[in-house]
Amino acid sequence: MVKAWYEEEERKKQPSYQKEIAPQFEYNRFICDFFNDLTNNGKGRDDAIAAWKNLKLQPGSNQYRP
């Protein structure tokens, strides 16, 4: 168990490590996915928030859709 913990701590130090955002934090997941989408390159926080607000008005899932 201790060995696995140390391995995980080392993995977290890698530049490619991305912590998973729990499903209940759908706003945070949306914002992260928005900025990870290359078509949104150059857009800012206000653009991401506007996209979130627009999505919230739509029926269905609040998951980011490109």
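Observations
- Checked across the range 2-12, the condition of being open to solvent by 90 Å² or more (accessible area, probe 1.4 Å), at pLDDT below 95 and assigned to a loop (DSSP other than H, G, I, E, B) holds for no residue.
- In the range 26-38, the condition of being β-branched (Val, Ile, Thr), assigned to a loop (DSSP other than H, G, I, E, B) and at negative phi is met by no residue.
- Pairing each residue of the range 18-31 that is more than 25 Å from Gly44 (Cβ to Cβ) with any residue that is surrounded by 10 or more Cβ atoms within 10 Å (Cβ to Cβ), provided the two are 6+ apart or on different chains, yields C-beta distances under 9 Å for Ala22/Asn28; Ala22/Arg29; Pro23/Arg29.
The values are calculated or read from the model by the stated rules, or taken from the named source; none is laboratory data. No experiment lies behind these values; they were computed from the predicted model shown. Cβ sites come from the backbone with ideal geometry, for glycine too, and all protein chains shown count toward neighbours. Side chains included, ligands, DNA and RNA excluded: accessible areas come from the protein's heavy atoms. Shrake-Rupley method; radii C 1.70, N 1.55, O 1.52, S 1.80 Å.
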